[in-house]
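What follows is a short report on a single structure.
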Amino acid sequence: MSKIVSGATKLLSILVAVPAFADAEVGELEWNLRKGVTNISSDVYDLHMLMFWICTAIGVVVFAVMFYSMFFHRKSRGAKAANFHESVKVEVAWTVVPFLILIGMAIPAANTLIAMEDVSEPDVTVLVTGSQWKWHYKYMDNDVEYYSLLATQQEQINNKFDKGENYLLEVDRPLVIPTGKKVRFLVTSDDVIHSWWVPDFAVKKDANPGFINEAWTRVNEPGIYRGQCAELCGKDHGFMPVVVIAKEPAEYDAWISEQEEIQRKAKEEEQKLLALNMSMEELMEVGEKVYLASCAACHMPTGQGLPGVFPALKGSEMVTQDIPAHIDIVLNGKTGTAMQAFGKQLSLRDIAAVITYERNAWGNNTGDMVQAKDVNAALTGN
Amino acid sequence: MSTVAEHSHDDHDHHHHAPSGIKRWLYTTNHKDIGTLYLWFAFIMFLTGGAMAMVIRAELFQPGLQIVDPNFFNQMTTVHGLIMVFGAVMPAFTGLANWLVPMMIGAPDMALPRMNNWSFWILPFAFLILLSSLFLEGGGPNFGWTFYAPLSTTYSNDSTALFVFSVHIMGISSIMGAINVIVTIFNMRAPGMNWMKMPLFVWTWLITAFLLIAVMPVLAGVVTMLLTDKFFGTSFFDAAGGGDPVLFQHVFWFFGHPEVYIMILPAFGIISQIVPTFSRKPLFGYASMVYATASIALLSFVVWAHHMFTTGMPVATELFFMFATMLISVPTGVKVFNWVATMWRGSITFEIPMMFAIAFIVLFTLGGFSGLMLAITPVDFQYHDTYFVVAHFHYVLVTGAIFSIMAAVYYWLPKWTGKMFDITLAKWHFWCSLISVNLLFFPMHFVGLAGMPRRIPDYALQFADFNKWISIGGFAFGLSQLIFLALLIKACKKEGEPVSDRVWEGAEGLEWEQLPSPAPYHTFETPPVVK
Amino acid sequence: MTEQAYEKYYVPDESPWPFVGAVALFLIAVGAGNFVIEVSKDKEGYGGWILTAGLLVLLVMLIGWFKDQIEESRTGLHSNQLGGSYRQGMSWFIFSEVMFFAAFFGALYYARTISIPWLGGASNNAMTNEVLWPTFEAAWPLISTPGGETTEAMGWYGLPLANTIILLLSSVTCHFAHVGLEQENRKKLTWMLGITILFGIVFLFLQVEEYIHAYTQMGLTLESGVYGSTFFMLTGFHGMHVTLGTIMLIVMFFRVLKGHFTPDNHFAFQATSWYWHFVDVVWVMLFFFVYIL
Ligand code: HEA
Ligand code: HEA
Ligand code: CUA
Ligand SMILES: [Cu+2]
C-alpha cells in the first residue's frame, strides 16, 4: 500500500521535475512534516507528500493555462476577445476528472485511517490524563503513575536566562514506553479539553473530560520524542509539552519494575513521615518549591493571582484565617472551578509545606505551621 | 412584478439629494447609505482586528514572553478571530450587497428598508460590548473564536455572559440582513430580470443569505446552551450530567462550517463579475457557476465534523466526513476552471480590480489545496491545531475574502463616487499587499508542518526563524493597509477624475449600463427594462 | 408578471425606530449579561435595571414602529408587492426560528443516541464506562446521571396530553378566525380569535403548573443532568414563544375590535397566525420527542 503511494510520489516528483525538497536531509531548518518513527507515521508522511504533489501538479497545469492567456491574450498585444461561453464537453470533463483524482486520494487515506483507529490487542496500556497544565500517566498493568510537568525554567521564558536546546519541550518526568510493542493510550482529561500529540508517532488525540479516547503506536526506534498539547486549554496551553522516551523492551521492563519499587517505597516513607514534625524553615523551603511548580501558574509567583480569573492568595481571608478550609481546598479542590484537587497529585508533606508557605509568604505572616499529620487527619476525616 | 417607488413626504423634493446631518446616518432607510455605513464599519473593524493581529505577531516575533502575558495573548487571538469574521468580512459583504443588489436587479431599494437600518445599527453596539469586555476585571473572551466548552463554561470568567449576549445580537443583525437580501432578490427584481439573468454576485448572495438564515440561529442556540451550562447548571456539555463537551463542537461547527462558505460565496460572486469585465468576454459557464455555488452550499451542511477529526469519533463517521469534505473540491474547482476559461482567449487588461481578482484566484486556490490536504483525516491528525491550519484559513480568508472585498471596492468605487480613485496609491497598495501577505502567511505552512501548535504565545527554538519572517510580513501587510485607508479617505472626499457611466470598458450589467456615475441617491424608482 | 406592472412600492423615509431598536438591543444585551452574572453569583448590580430599561425602550420602539406601519397600511401606501415582501420576510423569520429549535432538538438527539450510550460504554467508548463511570448504565430518560444526580421522568399523559390537545384546538380556532376574516364575518373572527387567546393562556397556565410540579415534587430541575437540561430548555423556549404568540394575538384582537384588516389586507394578522401554527407544530414535535419517546 504505502509502496504504491511512495511510488506515485516519486513518479510525480519526476513529472514536475522539481527536486523533492522533502527527500533532502533534514537540516536545522525543519519545514516539512516529519516521517516519524512508526509505520503509521511514515504512511501518513507518504499521504501528505502524495497530496502535496497532486495539488502542485493541478496548480501548475491550471495556472500555466491562466498565465498563458494573461500573457498572450492581453489587450495590449492586440488580442481580440472571442465570444464562447459554454462547452458541455469541457465542463463535464473538469467535473469528472477531479472526482476521479479524489477517489485516488480517498482510497489510501481510508486504509491508513482504518489502521490508525484499530486499537485492538495492545501490549501495554497507559492512561493519559490532561489537566491544567500538565499530563498524568498511569500504567494500567503496573502500579506506576506520575505527573509530567514542564521543566523549562521560568527565567528562560522571561528572557532572563539563555534558552536551552529543548526550550519548552522538556518535562520533569517523561512517559516511557517499550519499542516494538503496541502501546495503547487511553486519553482523557480532568478539566478542559487538551490534546495529546507526538508528531513522530502521528498520534494526536483530544483529551475530553468525562470520556476516554483511544490511540496506539508501535515505535520502531528507541529515542526521545517531543510534542505539545494541541488544544487551547487556557492560559498555559503553550507550556504543556509531551515527552516520550522509547526504550528497548528489556530496558523498559527494568525501568518499570524499578518505578514500581520506588513508588511503593515512597508510600511507606510517607507514612513514617507522619510522626515527624518539620521546622518552619524546612516547610517554607519545600513549600516554595512546590508552590512554584504546582500553584504559581494560576495564583502567580507573587500570590496575587489574576484578578477576575484566579483569586489572590495574598491577603485572602481563607489563607490568613481558616486553616481547615485551606487544607480542604488544596486537598479536594473546588468542583466547578479551575482549582484542582491536589490530594492525589502531591505528597502529604508537600501539601503541608505549600500550605504553610502560603500562610507565611508575601506578607501573609500568620506564623501558622501545618504538618503532614494535619493534612493526613483532614484526609482521613479525623 | 415591478413597481414605482414611492416615498412618504412627497411634498419636499429630496428624491435626488441625500438628507444631511447626523440624522441622515442614524435614521436612514437608503440602501446606499446603509451600504456605506456597513463598509466603513467593516473597515474600522478590520483595522481593529488587524491591530490585535499585530499584537499577536509582535509577541511571536521571537521566542520567550515579551510584551503580553499568556492570558492576554489568548484574548487577542480570540477577539482577533471574532472581529475579523463577524465584524470585518461579514459586514463588508452585507455592505456590498446593500449597495449592489438593488442596482443589479433594478429595484428601488432593499425590500425592507427600515429593518435594513436596524440590522446595521445593532452591529456597532454588539462590538462595543465585545471590545469593552476586554477592559473588565479578568479580561474578555480568551477561549478562541471557537469557544469550546468546558473552557468557555466552567473555566471561563464572568465576562462570558457579555460575550454570549453580544453574539446574540450580532446574530439577530445577520439574520435580519440576510432576510432582507433574500426577500429583495425574490420579490424586487425588475421585469425581465429572470433567475438565469441575475448577475452572479446576486446569485451567490442569495445562496449566502439562505445559509445565514439557516445557521445563525444554530449559533444562537449553542451560545445559549453555553450560557445556561455556565450560569444555570445545565449539563449539555458536561459528562457528569450525561452531556458531552464534543456536543458543543458538533453544534458549533454545524454553524461554523457553513459560516466559512458564507465568507467565500459572495467573493466568488465578485470575482465572477470582475473577470469577464476585464477579459472583455462573457463569463464562461454561467449556469454551471450557479449550480456549483448551490452544491457548495448544500455540501457545506454535511462536512462540519472535519474540524473535529481528533475528537475521537468512530471510524465510520470520520470516513463519511472525510469523503464529503473532499467532494467540495469538485464544485469549487468548476469555479476556478470557469474563471480561467473566461480569461482564455479574452482581451485582457490589468486594472486594479483585475489584479486583485487574479491574485484571488491563485491564492484562494492555494488555500483551497491546503484545505483539501486538511480533509484527509489521517494526515489531519498531524496538521490539526497547528499553524498549517492557520496558513490554510488565512489564505482563504485574507487573500480570499479580504482580497475579493478590496477588488470589489476598487471595481465599484468609481460608480459610487463618480470619481476615479488614486491609481498610483492603488498600485502601491496592491503590490505591497501581495508581497507582504505571502511573506506573512506562506511560511506558516512550514512552521505548522514542523509542528508548531496554534494559539500559543511562546514557542520552541526551531520555529524562531520562520516566525521572525512571518511577523515582518505581518507588519508590512498591516502598513500596506494604511495606503488603502488613505485612498479611501481621498475617494470619500470626492477627489479624482470624473468617470464615465460605464467606468470600465468591458463592464456589463444594469449598474453600468443604466445608471449614471455617481449613482444617484435613489435609483430605479421606475424599473429599468431588462433585455 | 406584467399584470402587476408599475405598481407602487413604498420606500419609507428616515425613521428613528430602527436606531432606537438598536439602542434597545444594546441595553438588553448589556443588562442581561450583567443580570446573569449577578443572579448566579448573588451579587449586587444594575444589570436588572439596564435590562428593564432595554425592554422598555424596545416596547416604545415596537409601538412607535408599528404605529407608523399601521398608519401607512391604513392610508393605502402598502401595495401587494410590499405585502409580498412582508410575507416572505415573515416566512424566512419562521424558518430561522425552526433552525433555532433544531439546535436544541439536535442536542436532545445527541444526548440520547450518542453521549449517554457512550458513557454507558457503547461504540468506541468501552473504556469510558469501565474506567471513568463504572457504575453508570445508559438509559433514557436519564433518571440517574453518571455524576449521581437522580430525578424522575416526566410522563406524557396528564398535563402534557391536555396541553397538546389545547394547542391543537387553538390552531384550529386560529384558522377559523382567519377564515372569518376572509369571509368578512367579523363575529366569527372575534370569537374564534378570542377563544384562541384563551387557549394560549390556559396552555401557559398549565405549563407553569407542570414546572412547579417538576421542581417541587419530582426533583426534575435544570440541574438534573442533560434530561432536565433538554426538557426545560426545549419546553421553556417553546413557552416563551407561546407567550409572545399570545401577546401578538391579543394585539390582533384589539386591532380587530378597532375594525382593522380587510379580506385582502391583513398581513399582520396572517403573520400572527403563521407564527401561532409554527409554535403549535413545535409543540407537537416536543410532545413526541421530549415526552413520549
Ligand atoms: C473562507 C473560508 C474558508 C474556505 C473557503 C475553506 C475551504 C475549505 N476548507 Fe477550510 N477552514 C476555514 C476557512 C475556510 N475553509 C477556517 C476559518 C478554518 C479553521 C477554523 C478554526 O479551527 O479556527 C478551516 C479549517 C479547515 C479544516 C479543519 C482543519 C483542522 O482544524 O484540523 C479542514 C479539514 O478538512 C478544512 C477543509 C477545507 C476544504 C476541503 C475547503 C474547500 O472548500 C476548498 C476547495 C478548493 C480547492 C480544492 C481549490 C480549487 C480547486 C481546484 C483547482 C480543482 C481541482 C482540485 C482537486 C480535485 C484537488 N478547513
Ligand atoms: C477574515 C478573517 C481574518 C483576517 C483578515 C485575518 C488577518 C490577519 N491575521 Fe488572523 N485569524 C483569523 C481570521 C483572520 N485573520 C481567525 C478566525 C483566527 C483564529 C482565531 C483563533 O484561533 O481563535 C486567526 C488567527 C490568527 C493567528 C494565530 C493566532 C494564534 O493561534 O495564537 C495569527 C498569527 O499570526 C493571525 C495573524 C493575522 C494577521 C497578521 C492578519 C493580517 O492580515 C491583518 C492585517 C491588517 C492590519 C494589520 C490592519 C492595519 C492597521 C494598522 C496597521 C493600524 C494599526 C494600528 C496600530 C498598530 C495601533 N491570525
Ligand atoms: Cu493542554 Cu493545551
Ligand atoms: Cu470547515
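The values are calculated or read from the model by the stated rules, or taken from the named source; none is laboratory data. Note that the structure is predicted; figures quoted are calculated from it, not measured. Cβ: placed from backbone, ideal geometry, glycine included. Neighbour counts: every protein chain shown. Ligands, DNA and RNA are stripped out before the accessible areas are found, and what is left, the full protein with its side chains, is counted by its heavy atoms. Shrake-Rupley method; radii C 1.70, N 1.55, O 1.52, S 1.80 Å.
The single residue among B:Pro276, B:Pro353 that is more than 11 Å from chain A (Cβ to nearest Cβ) and either open to solvent by 30 Å² or more (accessible area, probe 1.4 Å) or assigned to a helix (DSSP H, G or I) (or both) turns out to be B:Pro353.
Taking (1) open to solvent by 20 Å² or more (accessible area, probe 1.4 Å); (2) within 16 Å of ligand 1 (Cβ to nearest atom); (3) over 25 Å from the mean Cα position of the chain (by Cα) in turn, B:Ala149 satisfies each apart from (1). The condition (being more than 8 Å from every other protein chain (Cβ to nearest Cβ), modelled with pLDDT under 90 and part of a helix (DSSP H, G or I)) is satisfied by just one residue among A:Leu15, A:Leu50: A:Leu15. Counting the residues of the range A:155-198 that are away from ligand 3 (no atom under 15 Å from the Cβ), within 10 Å of chain B (Cβ to nearest Cβ) and within 30 Å of B:Thr153 (Cβ to Cβ) gives 1.
Only one entry of C:Ala138, C:Ala162 meets the criterion of being farther than 29 Å from B:Ala220 by Cα, away from chain B (no Cβ under 14 Å) and modelled with pLDDT of 90 or more, and that entry is C:Ala162.
Yes or no: B:Ser235 over 16 Å from the mean Cα position of the chain (by Cα), at pLDDT below 95 and either surrounded by fewer than 23 Cβ atoms within 10 Å (Cβ to Cβ) or small (Gly, Ala, Ser) (or both)? Against the criterion (over 16 Å from the mean Cα position of the chain (by Cα), at pLDDT below 95 and either surrounded by fewer than 23 Cβ atoms within 10 Å (Cβ to Cβ) or small (Gly, Ala, Ser) (or both)), B:Ser235 qualifies. It is to be established whether one or more residues within the range A:242-264 are under 28 Å from A:Ala341 (Cα atoms), touching an Asp or Glu at 6+ places or on another chain (Cβ under 8 Å) and at pLDDT 95 or above. Looking through the range A:242-264, at least one residue is under 28 Å from A:Ala341 (Cα atoms), touching an Asp or Glu at 6+ places or on another chain (Cβ under 8 Å) and at pLDDT 95 or above. Any residue at all in the range C:80-95 that's of a type outside the set (Gly, Ala, Ser) and farther than 17 Å from B:Leu112 by Cα? Checked the range C:80-95: at least one residue is of a type outside the set (Gly, Ala, Ser) and farther than 17 Å from B:Leu112 by Cα.
Only a single item in (1) within 16 Å of ligand 1 (Cβ to nearest atom); (2) touching a residue at least 60 places away in the same chain (Cβ under 8 Å) is not met by A:Ala297, and it is number (1). Going by the conditions given, is A:Ser257 hydroxyl-bearing (Ser, Thr, Tyr), more than 11 Å from chain B (Cβ to nearest Cβ) and at negative phi? Yes: the conditions hold for A:Ser257. All conditions but one from (1) open to solvent by 20 Å² or more (accessible area, probe 1.4 Å); (2) in contact (Cβ under 8 Å) with a residue 40 or more places away in the chain; (3) away from ligand 1 (no atom under 14 Å from the Cβ) apply to B:Ala316; the one that does not is (2). Checked against (1) aromatic (Phe, Trp, Tyr); (2) within 30 Å of B:Pro191 (Cβ to Cβ); (3) open to solvent by less than 50 Å² (accessible area, probe 1.4 Å), C:Phe19 passes all but a single condition, namely (2). Whether a residue is assigned to a helix (DSSP H, G or I) and more than 8 Å from every other protein chain (Cβ to nearest Cβ) was assessed, and B:Ser174 passes this test.
For the range A:216-227, taking the residues that are open to solvent by less than 10 Å² (accessible area, probe 1.4 Å) and under 16 Å from the mean Cα position of the chain (by Cα), the one that is farthest from the other protein chains (Cβ to nearest Cβ) is identified as A:Thr217.
Only one of the numbered conditions (1) open to solvent by less than 10 Å² (accessible area, probe 1.4 Å); (2) more than 24 Å from the chain's Cα centre (by Cα); (3) touching a residue at least 40 places away in the same chain (Cβ under 8 Å) is violated by B:Gly243, and that is (3). If you go through the range C:213-243 and pick out every residue that is at pLDDT 95 or above and open to solvent by 50 Å² or more (accessible area, probe 1.4 Å), you end up with 2. Just so you know, in the range B:470-509 the residues that are touching a Pro at 6+ places or on another chain (Cβ under 6 Å) and either open to solvent by 30 Å² or more (accessible area, probe 1.4 Å) or among the hydrophobic types (A, V, I, L, M, F, W, C) (or both) include one that is farthest from ligand 1 (Cβ to nearest atom), and it is B:Asp501.
Could you check, for the range B:394-404, whether at least one of its residues is within 16 Å of ligand 3 (Cβ to nearest atom), crowded, with 21+ Cβ neighbours inside 10 Å, of a type outside the set (D, E, K, R) and within 14 Å of chain A (Cβ to nearest Cβ)? Checked against the condition, which is being within 16 Å of ligand 3 (Cβ to nearest atom), crowded, with 21+ Cβ neighbours inside 10 Å, of a type outside the set (D, E, K, R) and within 14 Å of chain A (Cβ to nearest Cβ), the range B:394-404 yields no hits at all. Summed over the range B:510-519, residues that are out of contact with any Gly (no Cβ under 9 Å at 6 or more places or on another chain) and exposed (fewer than 14 other Cβ atoms within 10 Å of the Cβ) total 1. Scoring B:Ser119 on the criteria (1) open to solvent by 10 Å² or more (accessible area, probe 1.4 Å); (2) among the hydroxyl-bearing types (Ser, Thr, Tyr); (3) part of a helix (DSSP H, G or I) leaves a single failure, condition (1). Among the candidates A:Gly180, A:Gly234, the residue that is farther than 28 Å from C:Ala126 by Cα and more than 13 Å from the chain's Cα centre (by Cα) is uniquely A:Gly234. With a requirement of 1 or more residues that are small (Gly, Ala, Ser), the helices (runs of 4 or more DSSP H) lying completely within the range C:42-145 that satisfy it span C:47-74, C:80-110. The requirement of being within 21 Å of the chain's Cα centre (by Cα), part of a helix (DSSP H, G or I), on the phi < 0 side of the Ramachandran plot and surrounded by 21 or more Cβ atoms within 10 Å (Cβ to Cβ) is not satisfied by B:Thr342. Of all residues in the range C:146-180, which are under 24 Å from the mean Cα position of the chain (by Cα) and not in a helix (DSSP H, G or I)? Passing the criteria: C:Ala153, C:Met154, C:Gly155, C:Trp156, C:Tyr157, C:Gly158. For the range B:307-334, residues that are in a helix (DSSP H, G or I) and within 16 Å of ligand 2 (Cβ to nearest atom) total 2.
For the range B:269-286, indicate whether the set of residues that are over 30 Å from A:Ala115 (Cβ atoms), more than 8 Å from ligand 1 (Cβ to nearest atom), among the small types (Gly, Ala, Ser) and touching a strand residue (DSSP E or B) at 6+ places or on another chain (Cβ under 6 Å) is non-empty. Taking every residue of the range B:269-286 in turn, at least one turns out to be over 30 Å from A:Ala115 (Cβ atoms), more than 8 Å from ligand 1 (Cβ to nearest atom), among the small types (Gly, Ala, Ser) and touching a strand residue (DSSP E or B) at 6+ places or on another chain (Cβ under 6 Å). Taken together, the residues in the range B:130-146 that are surrounded by fewer than 22 Cβ atoms within 10 Å (Cβ to Cβ), of a type outside the set (Gly, Ala, Ser) and in a helix (DSSP H, G or I) amount to 3.
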